[in-house]
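Peer 1: First the structure, then my questions, so here it is.
The values are calculated or read from the model by the stated rules, or taken from the named source; none is laboratory data. Please read all numbers here as calculations on a predicted model, not as lab measurements. Counting neighbours? That spans all protein chains shown, and the Cβs are built from the backbone with ideal geometry, glycine included. Keep in mind that these areas ignore ligands, DNA and RNA; they rest on the heavy atoms of the full protein, side chains included. Shrake-Rupley method; radii C 1.70, N 1.55, O 1.52, S 1.80 Å.
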Amino acid sequence: MTFHASGHASGRPYAEVIGDPIAHSKSPLIHGFWINALGLDADYRATRVVSDDLPAYFASRRADPHWRGCNVTIPHKLAALDHVEDRGDVRATIGAINLAMRAPDGALIGANTDAGGFYAPIAGFDFADRPAVVIGAGGAARAVLFALAKMEVGPVTILNRSPLKGAALLSAFRLKGRALPLSAPVPPAALLVNASALGMAGHPPLDLDLSTLPDDAVVYDLVYAPLETDLLAQANDRGLETVDGLEMLVGQAALAFELLFGMEPPRERDDELRELLTA
Ligand code: NAP
């Protein structure tokens with residue numbers, strides 16, 4: 001549905017994901033699955049909001065007592081910051097929000113659950129002081145580097161089409177390491193993360209030689225379409241631990257769900273949810 005300032009009249013608590021385009025978003029499927037599983041009397045839907053309508057959107061939703069908040073996706077992740085209180089200093093760190101929600105005191109606050117969603121599947125590993133490699137230097141890479149800095153990983157090598165962008169991110173997150181072009185060989189690392197669009201359907205493949213990685217390395221691909229990227233297939237062939245992009249997608253949604261609806265989602269039903277998401 002496309003946003004109209006006349007608003008929404010379901011009379012039930014609701015949240016939504018806003019962006020333009022928005023039809024491809026998997027958020028309604030994920031949140032809808034949890035709402036049904038928990039038997040909540042609530043809605044979660046996708047609303048197309050064009051950039052010119054963003055101020056009117058937030059003005060109308062602020063006045064709607066049933067609205068719990070919204071996930072925010074392309075192209076509004078930065079612009080939405082102007083409409084919320086930035087209590088967590090997201091602008092100065094990850095630089096973009098993916099969630100706007102009502103705080104208990106009624107204020108509308110911005111948050112970013114991507115870094116937490118990225119971290120959740122690897123929380124059981126200890127990467128402190130161990131080298132990491134990140135491919136990409138866009139918005140997703142910022143969330144990854146924010147988490148890696150918190151995890152106090154060792155030196156980080158960023159491989160990116162534009163190494164200068166990578167160097168700027170290393171300095172922004174005060175990470176030791178270096179930024180190199182994509183053609184540079186992969187250095188030995190305990191964790192390798194693809195946070196670029198390479199390997200995603202419609203984009204060129206990611207062509208890396210993983211032979212330098214130790215046998216206990218973890219390879220994490222943020223791309224989730226396709227689910228098994230060439231990178232993950234190559235890592236699986238080498239017997240390395242792998243994490244796919246759906247784990248982060250569901251992880252960031254789980255943190256948002258709790259903030260929006262005040263309940264933990266039923267993560268014990270992740271297998272069913274993953275089946276739904278890949279059907
Ligand atoms: P973005 O801000 O547009 O950044 C794209 C990155 O990919 C940049 O580093 C860019 O390099 C690189 N890139 C794009 N096309 C390229 C090409 N043809 N050759 C070489 N490099 C190329 O996008 P993003 O939001 O960071 O998203 C990146 C990926 O992460 C996407 O696949 C997205 O679906 C995925 N993602 C997944 C999750 C999840 O929950 N699993 C969450 C967020 C994003 P330059 O810097 O040189 O332009």
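Peer 1: Which ones in region 96-107 are assigned to a loop (DSSP other than H, G, I, E, B) and either closer than 18 Å to residue 14 by Cα or more than 16 Å from the ligand (Cβ to nearest atom) (or both)?
Peer 2: Across region 96-107, the qualifying residues are 98, 103, 104, 105, 106, 107.
Peer 1: Please pick out the residue among 192, 208, 175, 182 that is in contact (Cβ under 8 Å) with a residue 60 or more places away in the chain and either more than 16 Å from the ligand (Cβ to nearest atom) or in a loop (DSSP other than H, G, I, E, B) (or both).
Peer 2: None of the other options fit; the residue is 208.
Peer 1: Taking the conditions exactly as written (open to solvent by less than 30 Å² (accessible area, probe 1.4 Å) and not in a helix (DSSP H, G or I)), does residue 170 satisfy them or not?
Peer 2: Here the answer is no, as residue 170 does not meet what is asked.
Peer 1: Residues of region 223-253 being of a type in the set (Gly, Ala, Ser), more than 11 Å from the ligand (Cβ to nearest atom) and surrounded by 15 or more Cβ atoms within 10 Å (Cβ to Cβ), which ones?
Peer 2: 235
Peer 1: Among the residues of region 55-67, is there at least one that is open to solvent by less than 50 Å² (accessible area, probe 1.4 Å), touching a helix residue (DSSP H, G or I) at 6+ places or on another chain (Cβ under 7 Å) and not aromatic (Phe, Trp, Tyr)?
Peer 2: No: zero hits.
Residue by residue, here is whether (1) in a helix (DSSP H, G or I); (2) touching a Lys or Arg at 6+ places or on another chain (Cβ under 6 Å); (3) farther than 19 Å from residue 174 by Cβ holds:
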position	(1), (2), (3)
109	no, yes, yes
115	yes, no, no
119	yes, no, no
125	no, no, yes
130	no, no, no
133	no, no, no
137	no, yes, no
144	yes, no, no
149	yes, no, no
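One line per residue, one yes/no per condition, for (1) hydroxyl-bearing (Ser, Thr, Tyr); (2) more than 18 Å from residue 213 (Cα to Cα); (3) under 22 Å from the mean Cα position of the chain (by Cα):
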| site | (1), (2), (3) |
| --- | --- |
| 141 | no, yes, yes |
| 144 | no, yes, yes |
| 147 | no, yes, yes |
| 156 | no, no, yes |
| 164 | no, yes, no |
| 167 | no, yes, yes |
| 170 | no, yes, yes |
| 176 | no, yes, no |
| 185 | no, no, no |
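Peer 1: Within region 103-113, identify whether any single residue is in contact with a Phe, Trp or Tyr (Cβ under 9 Å, 6 or more places away or on another chain), touching a residue at least 40 places away in the same chain (Cβ under 8 Å) and more than 19 Å from residue 143 (Cα to Cα), and answer yes or no.
Peer 2: Yes, region 103-113 has at least one match.
Peer 1: Among residues belonging to region 16-38 that are within 17 Å of residue 225 (Cβ to Cβ) and assigned to a helix (DSSP H, G or I), point out the one that is most open to solvent (accessible area, probe 1.4 Å).
Peer 2: 29
Peer 1: So, one more: For region 203-243, which positions are within 9 Å of residue 192 (Cβ to Cβ) and among the small types (Gly, Ala, Ser)?
Peer 2: 217, 235, listed by residue number.
Peer 1: Also, quick follow-up: I'm trying to understand the selection: among the residues of region 116-136, which are open to solvent by 10 Å² or more (accessible area, probe 1.4 Å) and among the aliphatic types (A, V, I, L, M)?
Peer 2: Of everything in region 116-136, those that are open to solvent by 10 Å² or more (accessible area, probe 1.4 Å) and among the aliphatic types (A, V, I, L, M) turn out to be 120, 123, 128.
Peer 1: Taking only region 231-271 into account, find how many residues are under 19 Å from the mean Cα position of the chain (by Cα), under 28 Å from residue 12 (Cβ atoms), touching a residue at least 24 places away in the same chain (Cβ under 8 Å) and not in a helix (DSSP H, G or I).
Peer 2: 1
Peer 1: How about region 44-54: which of its residues are open to solvent by less than 40 Å² (accessible area, probe 1.4 Å) and in a strand (DSSP E or B)?
Peer 2: Within region 44-54, 44, 45, 46, 47 qualify.
Peer 1: Would you call residue 139 within 15 Å of the ligand (Cβ to nearest atom), open to solvent by 10 Å² or more (accessible area, probe 1.4 Å), touching a residue at least 40 places away in the same chain (Cβ under 8 Å) and of a type outside the set (Ser, Thr, Tyr)?
Peer 2: For residue 139, the condition - within 15 Å of the ligand (Cβ to nearest atom), open to solvent by 10 Å² or more (accessible area, probe 1.4 Å), touching a residue at least 40 places away in the same chain (Cβ under 8 Å) and of a type outside the set (Ser, Thr, Tyr) - is met.
Peer 1: Considering only region 89-100, I want to know if a residue exists there that is more than 22 Å from the chain's Cα centre (by Cα) and not charged (D, E, K, R).
Peer 2: no
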